[in-house]
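Bear in mind that the values in this text are calculations on the coordinates, not laboratory data. Since the structure is predicted, the reported quantities are computational estimates derived from the model, not experimental observations. Here the Cβ positions follow ideal geometry from the backbone for every residue, glycine too, while neighbour counts run over all protein chains shown.
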Amino acid sequence: MTRARYTLTTAIAYVNGAPHLGHAYEAILTDALARFARLDGREVLFLTGTDEHGEKVAATAHIEGVPTKAFADRNAAAFRDMGRDLAISNDDFIRTTEPRHAVAAQELWRRLQDAGAIYLGKYEGWYSVREEAYFAESELNTDPATGDRLTPNGTQAQWVEEPSYFFRLSDYADKLLDLYETNPGFLRPETRLNEVRAFVAGGLRDLSVSRLAARLEWGVPVPGDDAHVMYVWVDALTNYLTGCGFPGDMGDRWPADLHVIGKDITRFHAVYWPAFLMAAGLPLPRSIFAHGFITIAGVKMSKSLGNIVAPGDLLADFGVDATRYLLLREIPHGADGSFAHAHAVARLNADLANGVGNLAQRTLSLIYKNCDGRIPEPGALTDADTALLRAGRAELLPVLRAYMADCAAHKALESIVDLAARADGYIDAAAPWALRTTDPARMETVLYVLADVIRCIAVALQFAMPGKAGALLDQLAVPQDARDFRALADAPLAPGAAIGKPEGLFARFTAPEA
Ligand code: MSP
């Protein structure tokens, strides 16, 4: 029996600041995959949320002079709002400060302890508060100006010595290497798996998994030892189980099919997480996809450079559907993508206003004027008609499926826009406006073929632009129950259905003055 449920997750964002375009991208990419799976007939569980514990959040709240919980509440709300504004269709939103999550994290801890995978020791070493991560001496650089020790990512590392619980990560190197060997799709793209494999092959040290509550209260208490709170990554990773109902019966919700994360947190997801799960005797996630980073005109977004783009900035300029389209289309598969406003305008105009939008507007206006506002009745089909219909009804979906299985939403969208361009070529060659007087029956056939291809384009576009694609399907009078991927081949447009007065759906934008 094939397992129908498809569980996928985003990383859960730190609440030490407001959401930016990088968070928006991850949410939109994962949402596109979730919507695609639903359109493809799968039952989906799509989880997202916020990572609220840890030193970084506590320290930022302190600097801002706000109680930590109030600070976390405020920023968690900003992430929730971002999801709503971007039409993210998550089924749950897990906050790691919720009681249900503490229950899950503590139960995982107990299982690790029962399995003998956790022991009390003493932590001595380098730690970056900014990254909430430990570093080996050999990984650090020294800032020549200040003498500060810096991590490979340029944040300050400090020397820490304290009693700490440890997870026996060193026991898992061989098992992890085995996992990568037998399941090379466990972490994609392959370059990321290679990095992680090299890290593991270099040898693993046991991992400090607790902090002294005296120094950091802001965390999930270690069960049976209130002097410690859990290391934030143990707590954070467990959110994926919390969202599946752990420690209750998780049914077919776990294991997750896909964790979507950024390339900076592969070590946590592809090394620590499977090791914890192996130790606890729980199934491993099926795959992890690490996307690239969004840069602003080629430069990393950062507060100090003052080039942070908030999702709201794009929403104000372009609206939700175009914003989603842009991020999905512009960020290539697994690589970094540079965001620039002028380029965004050119992309939206080419693909949407002049592409899909123009095709739909031309076709629907002709139908509205010349066919009494009803979907026309096709007559005998030519080879060109059949080929175009086949492209929309049958050939598009397998291509989209292959790209989306690879998380390559930009390629999927490219193929949809290519189909619109092909339909544009067809309309120019068939010139239905000229057939009106010479061969009205042929005109009706041509307009039917075009309308049905536009239906297929709109059905396909729903995963990226649910609002605009839905509005286009409304214009075509496509019933709500004929909008999933099965309908591509099975539910062609019904001749005679009345269409609304066509209205341009895709705005043409102008680039700001340079
Ligand atoms: N809290 C951890 C994740 C815990 S998951 C169990 C964390 N939070 S984060 O807020 O720093 O990042 C959340 C996600 O956003 C991560 O997947 C991260 O890679 C991604 N991004 C952060 N900045 C980004 C860009 N500039 N571009 C694209 N994604 C980026 O890490």
Quick note on Ser415, Ser304, ordering by fewest other C-beta atoms within 10 Å, gives Ser304, Ser415
All lysines inside 17 Å of Lys56 as judged from Cα atoms, apart from same-chain residues fewer than 8 positions distant = Lys69, Lys303
Taking 161-172, 227-238, 432-443, 285-296 and ranking on average Cβ neighbours within 10 Å, highest first, one gets 227-238, 285-296, 161-172, 432-443
Quick one: length gained pulling Val66 to Glu98 fully straight, 0.36 nm per residue minus the C-alpha distance?
-> 9.6 nm
Each label point is 7 Å from the Cα along the Cα-to-Cβ direction; what then is the distance between the points at Glu43 and Glu139, in nm?
-> 4.1
Cα gyration tensor shape for segment 30-170, rounded if a/c is under 1.5, else prolate or oblate = prolate
With everything on Cα atoms, drop me the angle between helix 55-64 and the longest principal axis of the chain, reported from 0 to 90° to the nearest 10.
-> 80
Rounded, prolate or oblate: which fits segment 230-354 when a ≥ b ≥ c are the square roots of the eigenvalues of the alpha-carbon gyration tensor, with rounded for a/c under 1.5 and prolate only if a/b beats b/c?
-> prolate
Would you kindly calculate the translational diffusion coefficient of segment 327-412, applying Stokes-Einstein with the Kirkwood radius from alpha carbon pairs, for 25 °C and a viscosity of 0.890 mPa s, and quote it in µm² s⁻¹ without decimals?
-> 154
Estimated distance in nm for a label pair at Lys175 and Ala213, the labels positioned 7 Å out from Cα along Cα-to-Cβ = 2.9
Can you sort Thr363, Thr266, Thr50 so the residue with the fewest Cβ neighbours within 10 Å comes first?
-> Thr266, Thr363, Thr50
Suppose every K and R has +1 on its Cβ and every D and E has -1 on its Cβ; what is the size of the dipole of the chain about the Cα centre, in Debye to the nearest 20?
-> 780
What ranking, highest mean first, results for peptides 239-247, 474-482, 26-34 when packing means the other Cβ atoms within 10 Å averaged over each residue?
-> 26-34, 239-247, 474-482
With a ≥ b ≥ c from the Cα gyration tensor eigenvalues, square-rooted, and the rule rounded for a/c under 1.5, otherwise prolate when a/b > b/c and oblate otherwise, the chain is prolate
How high is the FRET efficiency between Asp484 and Glu377 when r is their beta carbon distance and R₀ equals 30 Å, given to the nearest 0.05?
-> 0.75
Selection from Ala133, Ala145, Pro189 lying farthest towards where the dipole of segment 129-233 points positive, charges on Cβ = Pro189
